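The values are calculated or read from the model by the stated rules, or taken from the named source; none is laboratory data. This one's a predicted model, so the numbers in the text were calculated from it and none came from an experiment. Because the Cβ atoms are built from the backbone with ideal geometry, glycine has one as well, and the counts that use them run over all protein chains shown. Areas reflect the complete protein model, heavy atoms only, side chains present, ligands, DNA and RNA absent. Shrake-Rupley method; radii C 1.70, N 1.55, O 1.52, S 1.80 Å.
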Amino acid sequence: MQNTPQANRLHIALLGRRNAGKSSLVNALTNQDLAVVSDVAGTTTDPVYKSMEILPIGPVTIIDTAGIDDVGKLGKLRIKKTKEALSRTDLALLVIDPEVGVDEYEKKLLSELEEREIPVVGVVNKEDKFENINLKSLMKEVGVKLLTVSAKTETGIEKLKKEIILKAPEKFEEPHIIGDLIKPQDIVVLVIPIDLAAPKGRLILPQVQTLRDILDNDAQAVVVKERELKGALDSLKKKPKIVVTDSQAFMKVAADVPENIMLTGFSILFARYKGDLEIFTRGAKGISKLKAGDKVLICESCTHHRTADDIGTVKIPRWLRQEVGGELEFDHVSGREFPDNLEDYDLVVQCGGCMTNRKEILYRLKKADSLGVPIVNYGMLIAYVHGILDRALEAFPLAQMIWEEE
């Protein structure tokens, strides 16, 4: 459970007003004193992420959020952080305080959850304090099924867990990274550069997860550095089904891989696994429309030590300037930040998203797409500027068709 990356967990957010008992409910669900509990309204400020396991779902992340009725300047910032947490929420627990009932706060929140297609479990807390809760009346007002629980005495917690299991979306992540492209005994060559950006003594998460998916599907993996690729291909008696490369080695790898062997990148596999490859492909076509002076947003889902030739802050801006033949204006965000003013940008460039969940990447994609702002990920942009995106999309017929459309 502890070794499952947070990006691959079902994310469950507890939402509601201040003092509805959200933090107490987190403690009851996890059976640990993980969240700070107080009678003072607004104890929880920024969203807090807790790991646990709910069988048969498996490892999950519980998100404890600030009250949706917070007040003042700081209160508005806390509400903003709560709303940001919705972008990575797979299942919402709406916690209602029977003392204050249901009002516009809950109704507006439910409307937003419906718009984002997030399933909801309704919970009326403090059953121990209020014996005669008019559940029918509350359900009529809020419009969703409600369960009564007591976080204090843990009454109804098992019933709540069963409801979470029933309401949890079955496909909160795609089932395969590469498994649906290969058959048992197929050979897959993974090209993994070991450079200054590579973590010491280990591989990065997309490489490890792709390798595991190959093994899970009974195929054979050959792992090499880019300098050893040609020798490895020459030594294989059987032709590989596909070669997958780190996007920064695309040019050298494309030169060494014969045209009759499929070639793609880890970032392109993750564009599909974490998001929507078709939207990303449409976004890649938007690169050709950039002109000098345009504004570009570069989003990284994790924070890391930047090297002198960092991909997000150095290489991509350099490639895009070369592409347009002039200066561009760049903004950078990292971690969970994602600006509201997307319409101000002419292109959004998203990292591979290995450190965040699929819900958040899809939210970013759909938000940009709905505003008509092209959005592309790192690997697809790199393949584009090096002139090999058409080849890197060969394994994905629908995306390739979109790419080839005039």
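Can you report the number of residues in the stretch 232-246 which are loosely packed, with under 11 Cβ neighbours inside 10 Å and either under 31 Å from the mean Cα position of the chain (by Cα) or not charged (D, E, K, R) (or both)? Walk me through how you get there before you give the answer.
As a first pass, look at the stretch 232-246 and keep what is loosely packed, with under 11 Cβ neighbours inside 10 Å: 234-235, 237-238.
Checking which are either under 31 Å from the mean Cα position of the chain (by Cα) or not charged (D, E, K, R) (or both) leaves us with 235.
Matching residues across the stretch 232-246 total 1.
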**Asked** From the list Lys108, Lys76, Lys183, which residue is over 20 Å from Gly58 (Cβ atoms) and modelled with pLDDT under 90?
**Response** Lys76
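Give the stretch 155-170 a look and list any residue that's part of a loop (DSSP other than H, G, I, E, B) and surrounded by fewer than 17 Cβ atoms within 10 Å (Cβ to Cβ), or say none.
The initial filter retains those residues of the stretch 155-170 that are part of a loop (DSSP other than H, G, I, E, B), namely 156, 168-170.
Listed by number, the residues that qualify are Pro169, Glu170.
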**Prompt:** Restricting the search to the stretch 34-67, which residues are at pLDDT 85 or above, in a loop (DSSP other than H, G, I, E, B) and open to solvent by 20 Å² or more (accessible area, probe 1.4 Å)?
**Reply:** Pro47
**Request:** For Lys291, indicate whether it is over 22 Å from Leu181 (Cβ atoms) and open to solvent by 60 Å² or more (accessible area, probe 1.4 Å).
**Result:** yes
**Asked** Inside the stretch 142-153, can you point out the residues that are more than 21 Å from Ala13 (Cβ to Cβ) and surrounded by fewer than 15 Cβ atoms within 10 Å (Cβ to Cβ)?
**Response** Thr153
**Asked** Only one residue in Lys274, Lys289, Lys239 is out of contact with any Pro (no Cβ under 6 Å at 6 or more places or on another chain), of a type in the set (Lys, Arg) and closer than 20 Å to Tyr345 by Cβ, so which one is that?
**Response** Lys289
**Qualifying positions in the stretch 16-27 - over 14 Å from Asp103 (Cβ atoms) and either of a type in the set (Gly, Ala, Ser) or assigned to a strand (DSSP E or B) (or both)** = Gly21, Ser23, Ser24
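Residues that are assigned to a loop (DSSP other than H, G, I, E, B) and in contact (Cβ under 8 Å) with a residue 60 or more places away in the chain: does the stretch 379-387 have at least one? It would help to see each step written out before you state the result.
So in the stretch 379-387, the residues assigned to a loop (DSSP other than H, G, I, E, B) come out as 386-387.
Adding the requirement that they be in contact (Cβ under 8 Å) with a residue 60 or more places away in the chain leaves 386.
Checked against the condition, which is being assigned to a loop (DSSP other than H, G, I, E, B) and in contact (Cβ under 8 Å) with a residue 60 or more places away in the chain, the stretch 379-387 yields at least one hit.
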**Matching option when the condition is within 27 Å of Met401 (Cβ to Cβ), over 27 Å from the mean Cα position of the chain (by Cα), of a type outside the set (A, V, I, L, M) and surrounded by 15 or more Cβ atoms within 10 Å (Cβ to Cβ), among Glu323, Glu278, Glu259** = Glu323
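Take the stretch 338-364 and flag every residue that is within 26 Å of Leu113 (Cβ to Cβ), touching a residue at least 24 places away in the same chain (Cβ under 8 Å) and open to solvent by 20 Å² or more (accessible area, probe 1.4 Å). Spell out the reasoning first.
Of the stretch 338-364, the ones within 26 Å of Leu113 (Cβ to Cβ) are 338-343, 348, 350, 353, 355-364.
Among the residues that remain, those that are also touching a residue at least 24 places away in the same chain (Cβ under 8 Å) are: 338-339, 342-343, 348, 350, 353, 355-364.
Selection gives Phe338, Pro339, Glu343, Met355, Arg358, Lys359, Leu362, Tyr363.
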**Prompt:** What is the one condition in (1) open to solvent by 80 Å² or more (accessible area, probe 1.4 Å); (2) outside any helix (DSSP H, G or I); (3) farther than 27 Å from Arg9 by Cα; (4) not β-branched (Val, Ile, Thr) that Tyr105 does not satisfy?
**Reply:** (2)
**Fill in**
By residue number, the members of the stretch 191-241 that are assigned to a loop (DSSP other than H, G, I, E, B), of a type outside the set (D, E, K, R) and touching a residue at least 60 places away in the same chain (Cβ under 8 Å) are Leu196, Ala197, Ile204
**Prompt:** Do we have Lys129 as modelled with pLDDT of 90 or more, open to solvent by 80 Å² or more (accessible area, probe 1.4 Å) and farther than 28 Å from Ile361 by Cβ here?
**Reply:** no
